[in-house]
Amino acid sequence: MSSGATAQVNGDRRRTGLERASSILQDRLPEFRVSRRRLRQAESIQLVRDRRDAANQQLGFASRPFVLCGPPVRCPPRSTLVYERRNGLFTLQITGHPDFGLPFGQDRLVPIFLATLAVRQQSQTIRFKSAAQMLDIFGMAKGGKEYRRLVAAFERIFGATIFFGTESTRKHARVTQRSRFNFLREAQIWYSRDPAQEVLSGGFENVIVLSNEFYKEVIVHPIPADIEAVKAFGSAPAVLDLFMWLTYRCFTAKSEERIPLFGDFGLTAQLGSVEYSRPRRFRAMLEQWLGQVRAVWPKCPAQICSDGQYLRLSPAKAILPTTA
């Protein structure tokens, strides 16, 4: 952004009563120095809260399997190609491609990006102008390293096979549903080696064809997502998983619920964080993640029970209806 544009934005903020977090800190606490990353994070959090209060959230969408059960948070060993999570009667199993491995970490932003475009465009074949568009949407930096990371994420997603199973009880029988699918059927993604060149010429349009199963899952069960919140937690996959999970569980809850933290049907079996095997360590990390979730969603009703064995939550909405 040019200096003139920056001055215009700052002027607009002063006229509307809004002010950047960095300006407030510099004016009131000049001796208190905060890194640029922390300042950007604080501004992202404030933006999420302001837009929710104004019922003007930027809406995206996520796919149900990856809201109910998170993919790996950290990079698995190259020899590990099968990953499984359980959420009650839901089971998610991801099999990675031998050449690319399992999706992990920020790779979880790719299905959100694809699901959002599929719902917005209402098409199994989705198109976008540049690979930089995804980096823009999620507030990610641009450059050769970031583009290579993005291409690697698409390769892991493209090569992965997903098994998603559910069971439900109807009036006269138990119903079992099973689905095995890939995310994508075809993908043509171009990116410029020059980070300053965000959009290539028209002949380099990016085209992705979603698999029939993934597209049907997204269209039939679109899970609303606050894009600004996803952006705020983009570099913290464990927090993003918890936020998305709470957004869905609190919305679907009919009354107060208690979710066990441990065991085959506990929270540890659902989220993508498998490395916190000790209960005390997981509880400490969960409390820390909940604090970050409350920063963007102050009215989040989730809290760890006093016995340390359950997470208590109540019906609530992280995404409010628009006023338009």
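Report the calculated FRET efficiency for residue 294 and residue 209 (r = Cβ-Cβ distance, R0 = 45 Å), to the nearest 0.05.
Details: r = 40 Å, r/R0 = 0.88.
Step by step, r from the Cβ atoms, then E = 0.70.
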Once label points are set 7 Å from the Cα along Cα→Cβ at both residue 75 and residue 55, what is their separation, rounded to one decimal in nm?
-> 4.6 nm
Output the pairs from 216/299; 129/231; 231/317; 142/216 with a Cα-Cα distance over 27 Å in this structure; if there are none, say none.
-> 216/299; 142/216
Estimated distance in nm for a label pair at residue 179 and residue 141, the labels positioned 7 Å out from Cα along Cα-to-Cβ = 3.7 nm
Given 309-320, 250-261, 100-111, the highest-first ranking by average Cβ count within 10 Å works out to 100-111, 309-320, 250-261
For the stretch 220-259, the Debye formula with one identical point scatterer on each Cα and no solvent gives log10 I(q)/I(0) at q = 0.14, 0.25 Å⁻¹ as -0.36, -0.88
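Since every read-out is calculated from the coordinates, none of them should be taken as a lab result. Source: prediction; values computed, not measured. Using ideal geometry, Cβ is built from the backbone for each residue, glycine included, and neighbour counts are taken over all protein chains shown.
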